Amino acid sequence: MATKFIKKQSAVVGEEYTKDGETKKSWKNLGELLTFETDGREWQKLKLNMFPNLDISIFDDKPREDKKEPVHQKEEIPTIQQDGGKDIKDLPF
């Protein structure tokens with residue numbers, strides 16, 4: 001279960017500005033996106049400079065094979081006979 005580092009990418013935002021009549025672009029570093037591999041599965045971690053104590057793990061969405069959807073069965077409402085032979089299901093509330 002060794003984790004292998006794959007690559008590091010910069011998370012940046014570009015901002016255009018004009019200097020001496022020339023349009024230029026500056027890049028502000030927001031953080032980094034790190035890619036790893038563990039047990040043949042690739043995953044990523046996003047580190048944002050504005051939240052230095054927070055690491056956001058990023059995984060591919062995959063349905064879980066070991067978790068099955070519960071089968072909902074329609075519950076039978078018991079019939080209760082009241083005086084006069086009326087069924088409780090006929091009540092308006």
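The values are calculated or read from the model by the stated rules, or taken from the named source; none is laboratory data. Keep in mind it's a predicted model, so treat the numbers as computed, not measured. Cβ sites come from the backbone with ideal geometry, for glycine too, and all protein chains shown count toward neighbours.
Observations on the structure shown:
- Flag for residue 82 being modelled with pLDDT under 75, surrounded by 10 or more Cβ atoms within 10 Å (Cβ to Cβ) and of a type outside the set (D, E, K, R): yes
- Residue count for the range 1-36 under the criterion of being in a strand (DSSP E or B) and over 18 Å from residue 56 (Cβ atoms): the result is 14.
- Residues of the range 26-51 that turn out to be exposed (fewer than 13 other Cβ atoms within 10 Å of the Cβ) and under 28 Å from residue 16 (Cβ atoms), as a count: 7
- Where residue 19 falls short, out of the listed (1) under 21 Å from the mean Cα position of the chain (by Cα); (2) at pLDDT 90 or above; (3) basic (Lys, Arg): (1)
- Whenever a residue of the range 34-45 is more than 17 Å from residue 1 (Cβ to Cβ), its partners that are acidic (Asp, Glu) and assigned to a strand (DSSP E or B), lying with C-beta atoms within less than 7 angstrom and at least six residues away or across chains, give the pairs 35/42.
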